[in-house]
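The structure under discussion appears below in the form of structure tokens.
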């Protein structure tokens, strides 16, 4: 999520107008509007200040980089359309089988919990 979206989302969740958020944060309504529209890219410190003024906080943390999606996209580019379709259909069969297994397990669990007449 981009910083512009964070500010807008926090403001809307708090039920505030741009002017109300600006007053709480000690800035102007036009500054908030520029941030929300993507006209400016505020620093993390400024984003945090605006989000806190709406009653929320931003939790920033470092996590290991995961390039799995990119790797899969690059791999898929090397496949023919037929191969991509085959992969998609195989995944659909796999997902369907998983759903059927879950439904069967839930039904069996329900039968086990239901007392015999």
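Results, tabulated for the structure shown:
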| item | result |
| --- | --- |
| Scope the stretch 48-66; condition within 18 Å of the chain's Cα centre (by Cα) and surrounded by 10 or more Cβ atoms within 10 Å (Cβ to Cβ); matching residues | 51, 56, 57, 58 |
| Selection count where residues are out of contact with any helix residue (DSSP H, G or I) (no Cβ under 9 Å at 6 or more places or on another chain) and closer than 11 Å to residue 51 by Cβ, scope the stretch 10-21 | 1 |
| Any chance residue 35 is within 15 Å of residue 8 (Cβ to Cβ), touching a residue at least 24 places away in the same chain (Cβ under 8 Å) and not assigned by TED's automatic domain parsing to the domain that holds residue 7 | no |
| Residues within the stretch 77-87 that are surrounded by 10 or more Cβ atoms within 10 Å (Cβ to Cβ) and part of a helix (DSSP H, G or I), tallied | 5 |
| Some residue of the stretch 15-29 being within 23 Å of the chain's Cα centre (by Cα) and under 13 Å from residue 2 (Cα atoms) | no |
| Candidates 70, 47 - the one that is within 16 Å of residue 6 (Cβ to Cβ) and part of a helix (DSSP H, G or I) | 47 |
| Residue in the stretch 13-32 that is at pLDDT below 95 and assigned to a helix (DSSP H, G or I) present | no |
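The values are calculated or read from the model by the stated rules, or taken from the named source; none is laboratory data. Keep in mind the model is a prediction, meaning the values are calculated, not measured. For neighbour counting, all protein chains shown are included, and Cβ atoms are generated from backbone atoms with ideal geometry for every residue, glycine included.
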